[in-house]
Amino acid sequence: MAATPWLLLLCLSLAAGGVLHARAQPDSNGFISIDCGLQGEEGYVDTATKLSYYPDTGFTDGAGTCRNISADYITPSLCKCLYTVRSFPAGARNCYTLRSLVPGLKYLIRAKFMYGNYDALRRPPVFDLHIGVNHWHTVNISKPHVEKSVEALVVVPDDFVQVCLINTGAGTPFISSLELRPLKKTLYPQVTVAQGLLLSERSNFGQIDGNNVIRYPDDTHDRIWTPLVSSGTYTEVSTTSKVIPDSLFEVPTTVMQTAMRPRNVSSGISLSWDPEPQPNNPSPGYIIIMHFSELEFLLFNVTREFSINLDNEPWHPDNVTPKYLYGAAIYNSVPSRKSRYDISIIPTARSTQPPIINAIETYTVVTTTKLGTDSLDVSAIMAIKVKYQVHKNWFGDPCGPETVMVWDRLTCSYATARPPRIIRLDLSLRGLNGDISSSFTNLKAIQYLNLSNNNLVGSIPDALSQLTSLTRFVTQPAQWSNPI
């Protein structure tokens, strides 16, 4: 097999179906599907997946600008979700907030980008993506017509997650679509609170039609399986019988119903690729997951058995004999770091049949050890932001990443293995109107609070005096300036 880059993720041709009103909640599957930059409040049903896509109104806190890609780049096969973008010319960090999630659950988060010369500048940008306070990926858009998909599997610790676009000074960040899909806690055991997986490739072997991308509804988790058409060295194997999936990855039966094998009984299967270093991860570790199922009913005197090597060294300790119509996965739990990856699937001496492979997934490891701000502090400060319409740079996590993107007028404390806490808040001279919000009393670690020189009226909430951490509270008029 030639050591060429695997096929990029393809996008199904979508068409607008029924009209839907914008919503910011997961659907009945727990899915959130956002068409970024889509104008108005009406969404649509994708005719291919029957999933509902909605405008991004309500997800970005009003930040960004809706733009259309150039008509020069719209083709019949182009995904409808790529027709528009939301760009963020202002601010170092702008975020999408996805709410009503299940704390501690694993989620697939997928962002798609197509520049399409939406700004008529013909200068595709480079920018960073964060999930919460953790770096996800550096997005490098090489050409206007290139479609890029970035996907991560992560544990979401709270009932919301923020996907943030970071301006690194190399052009205006933008995004075309954003999708979130829940995963069972038992799936992908390599995904933990401290470690996520960034998709490199997810390939489906043995399809004769190389244009048939498999995703929802065939894959109930809406993973995108890209067909990899075999070269002349290999041949396709398929069945119409149902293949029982393994429990750790639940590969859809439509993927497992096809496989490829060498034409020569004594030949092996070769898969090769080069690592993809990132500025934030120059030596990425790879998780490799190979999926196998026997698709032919073999007689008692016929054997298919093979070994798996990585760089001519045994990668799996045992020989593999796929079970008829049952899926099985061979994978590593500890990330592998190589300058190049050469996988060989080799028939054993007793094998009378060539090896097969149905599908493969490769991921790089992303660290998710940085903690976001205490969730109660986040709820309180977000309520304050909404009530008083504070904007400035108040996007993303209030306290992180530490020293880099802390919100203006706010100071945080940081402790090992514990979420940051908001300890100082200075909103003096900010033009605040109305009464003093009770949300201030939910900042349980606050030590200093300054609300002076605003247009606040009414009484001071009694609960503020019950905050044992609060040592100084400044407000107006002058006689309200009190040490507590």
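Bear in mind these aren't lab numbers, they're just calculated from the coordinates by the rules spelled out. No experiment lies behind these values; they were computed from the predicted model shown. Every residue, glycine as well, gets a Cβ built from its backbone with ideal geometry; the counts of neighbours run over all protein chains shown.
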(Q) Please list, in order along the stretch 394-399, the HN-Hα scalar couplings obtained from phi with the Karplus expression 6.51 cos²θ - 1.76 cosθ + 1.60 (θ = phi - 60°), rounded to whole Hz, x for Gly and Pro. (A) 7, 9, x, 6, x, 10
(Q) Based on alpha-carbon centroids, what's the gap between the stretch 303-327 and the stretch 197-273 in Å, whole number please? (A) 16 Å
Q. Structure shown: which of LYS112/LYS143; LYS184/LYS444; LYS106/LYS370 lie over 26 Å apart, alpha-carbon to alpha-carbon?
A. LYS184/LYS444
Q. So how do VAL251, VAL193, VAL320 line up by other beta-carbon neighbours within 10 Å, fewest first?
A. VAL193, VAL320, VAL251
Q. Considering amide H positions built from the backbone, and no H for Pro or chain starts, which residues 5 or more places from LEU38, or on another chain, come under 5 Å of its amide H?
A. ASP56
Q. For the chain, what's the relative contact order in percent, using C-alpha pairs closer than 8 Å and at least 6 residues apart?
A. 12 percent
Q. With contacts defined as alpha carbon pairs under 8 Å and 6 or more residues apart, what's the relative contact order of the stretch 200-367 in percent?
A. 31 percent
(Q) So for the stretch 16-183, averaging the separation of alpha carbon pairs under 8 Å that are six or more residues apart and normalising by length, what relative contact order in percent results? (A) 28 percent
(Q) List the residues, sorted by chain then number, that are 5 or more residues from SER437 or on another chain and whose placed amide H is less than 5 Å from its amide H. (A) none
Q | Unit charges on C-beta of K, R, D, E only; dipole of the chain, Debye | A | 660 debye
Q. With the Cα gyration tensor of the stretch 248-329 giving a ≥ b ≥ c as the square roots of its eigenvalues, does the rule (a/c under 1.5 for rounded; else a/b larger than b/c for prolate; else oblate) give rounded, prolate or oblate?
A. prolate
Q. Which loop trypsin sites (Lys or Arg not before Pro) in the stretch 58-144, with loop taken from DSSP, have no more than 15 other Cβ atoms within 10 angstrom of their Cβ?
A. ARG99, ARG122
Q: Determine ³J(HN,Hα), in whole Hz, for all residues of the stretch 407-413 in sequence, where each value follows from phi through the Karplus function 6.51 cos²θ - 1.76 cosθ + 1.60 and θ = phi - 60°; x replaces Gly and Pro.
A: 4, 4, 6, 9, 10, 10, 10
Q. Assigning unit charges at the beta carbon (Lys, Arg +1; Asp, Glu -1) and nothing else, what dipole magnitude in debye, to the nearest 20, does the stretch 200-367 show about its Cα centre?
A. 220 debye
Q: List, largest first, the extents of the alpha carbons of the stretch 327-427 along their principal axes, each in whole Å.
A: 76, 26, 22
Q. Rounded to whole Å and sorted largest first, what semi-axes of the equivalent ellipsoid does the C-alpha gyration tensor of the chain yield via the square root of 5 times each eigenvalue?
A. 49, 25, 19
Q. Around CYS412, which amide H atoms from residues at least 5 apart in sequence, or from another chain, sit under 5 Å from its own amide H, with H modelled in the peptide plane?
A. ILE423
Q) Taking other Cβ within 10 Å of each residue's Cβ, how do ASP397, ASP274, ASP128 sort, fewest first? A) ASP274, ASP128, ASP397
Q: List the longest stretch of the chain that has no exposed loop site; here a site is one of the chymotrypsin sites (Phe, Trp or Tyr not before Pro) assigned by DSSP to anything other than H, G, I, E or B, with at most 13 other Cβ within 10 Å.
A: 1-296
Q | For the stretch 16-183, diffusion coefficient by Stokes-Einstein and Kirkwood Rh (Cα), 20 °C, 1.002 mPa s, µm²/s | A | 134 µm²/s
Q | Top positive-direction residue, dipole computed over the chain with Cβ charges, set ASN433, THR168, THR65 | A | ASN433
Q) How many percent of the alpha carbon pairs in the stretch 375-483 exceed a separation of 19 Å? A) 41 percent
Q. When a footprinting reagent is the concern and you count Cβ atoms within 10 Å, what order do MET114, MET260, MET382 take, fewest first?
A. MET382, MET260, MET114
Q | Selection from GLY396, TRP136, SER469 lying farthest towards where the dipole of the chain points positive, charges on Cβ | A | SER469
